[in-house]
1. Among MET84, MET121, rank each residue by its count of other Cβ atoms within 10 Å, from fewest to most, as a rough exposure measure.
2. Over the residues of segment 81-136, compute the C-alpha Rg and express it relative to 2.2 N^0.38 Å.
3. Just in segment 100-137: which trypsin sites (Lys or Arg not before Pro) are loop by DSSP and have at most 13 other Cβ atoms within 10 Å?
4. Scaled to the compact-protein estimate 2.2 N^0.38 Å, what is the alpha-carbon radius of gyration of segment 3-67, rounded to two decimal places?
5. How much length is gained if the chain between SER196 and GLN69 is pulled fully straight, taking 0.36 nm per residue apart and subtracting their Cα-Cα distance, in nm to one decimal?
6. Test of understanding: ordering THR82, THR54 by Cβ neighbours within 10 Å, fewest first, what list do you get?
7. Below 13 angstrom from the Cβ of ASN114, what's the summed charge of the other residues (Lys, Arg +1; Asp, Glu -1)?
8. Modelling each spin label as a point 7 Å along the Cα-to-Cβ direction, I'd like the THR54/GLU8 distance in nm, to one decimal.
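Just so it is clear, none of the values below were taken in a lab; they were calculated from the coordinates. Because the structure is a prediction, the values reported are computed rather than measured. Note: ideal-geometry Cβ built from the backbone for every residue, glycine included; neighbour counts use all protein chains shown.
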Amino acid sequence: MGFWNVREYVLYRDNHTCQYCKGKKKDPVLQVHHIESRKTGGDSPDNLITLCKTCHHEIHEKGLEHIFQRKRPPMRDASQMTAMRWAMFSRIREKYSHANITYGYITKCIRIANGLSKSHMVDARCISGDPLAKPSGTVYLLKFVRKNNRQLHKATILKGGKRKSNKAPRFVKGFQLFDKVVYERKECFIFGRRSSGYFDLRLLDGTKVHASASWKKLKRVEHASTLLIERRKGDSSPTFALA
Ligand SMILES: [Zn+2]
Ligand SMILES: [Zn+2]
């Protein structure tokens, strides 16, 4: 995003504090030092560190450049990650031609440049490329769950025709774990079930709706899936960080 932005980012990351004297020298002039030379190491944030002018001068004067180490992940992990990312990305691209790659530091950069506070919702805005978009008044809470319907689970149940554990069967009165249901006009999820037909109902964040609601009062709105989505009225407007 250009050196100027990266410089701003590095200053922010380092708390506008010299990373050598930690501010003890009380020099208000801050500079951004290249750990490896700009020519070989480049302008990426992991090659940059904040130093006060006094320390910066001292480090170059005394030839102490080697004391700073670039923070880089091990090469093996990094290359594996890259191969996996590319494979995933090319498959996504086949389906969604407008898909693009972005990086955490870009999100962070956009967030800081727009003076926004740190939250998942703000990060999503920054990734979308429209960090100051007008909020719709609705937020979605997502949760991934296991459905326990893999072959392994089915096999254990079928063997000998009996259940191994004392858990309720997968379907009770036609309902299963994580079905989205309406109970007394409230949308919630099945978090627990008893073979007697009574259900533990909750919102996705775990808030109890009813600990033992009868199946007769439930209406399913969505079958269980590994990705549960709860729609809420809420404000996703970006809050501004204090300068
Ligand atoms: Zn210093
Ligand atoms: Zn330097």
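1. Fewest-to-most Cβ neighbours within 10 Å comes out as MET84, MET121.
2. Working: Rg = 13.4 Å, N = 56, 2.2 N^0.38 = 10.2 Å.
Relative to the 2.2 N^0.38 Å estimate, segment 81-136 comes out at 1.32.
3. Working: sites: LYS108, ARG111, LYS118, ARG125; in loops: LYS118.
Within segment 100-137, the qualifying trypsin sites (Lys or Arg not before Pro) (loop, at most 13 other Cβ atoms within 10 Å) are LYS118.
4. Details: Rg = 11.1 Å, N = 65, 2.2 N^0.38 = 10.7 Å.
Dividing the Cα Rg of segment 3-67 by 2.2 N^0.38 Å gives 1.04.
5. On the way: separation 127, 0.36 × 127 = 45.72 nm, distance 6.29 nm.
Once the chain is fully extended between SER196 and GLN69, it gains 39.4 nm.
6. Details: THR82 10, THR54 16.
Listing THR82, THR54 from fewest to most nearby Cβ atoms yields THR82, THR54.
7. Numbers: positive: LYS108, ARG111, LYS118, ARG125; negative: GLU8, ASP123, ASP130.
Taking every other residue near ASN114 into account, the sum is +1.
8. Going by the 7 Å Cα→Cβ label model, 2.9 nm.
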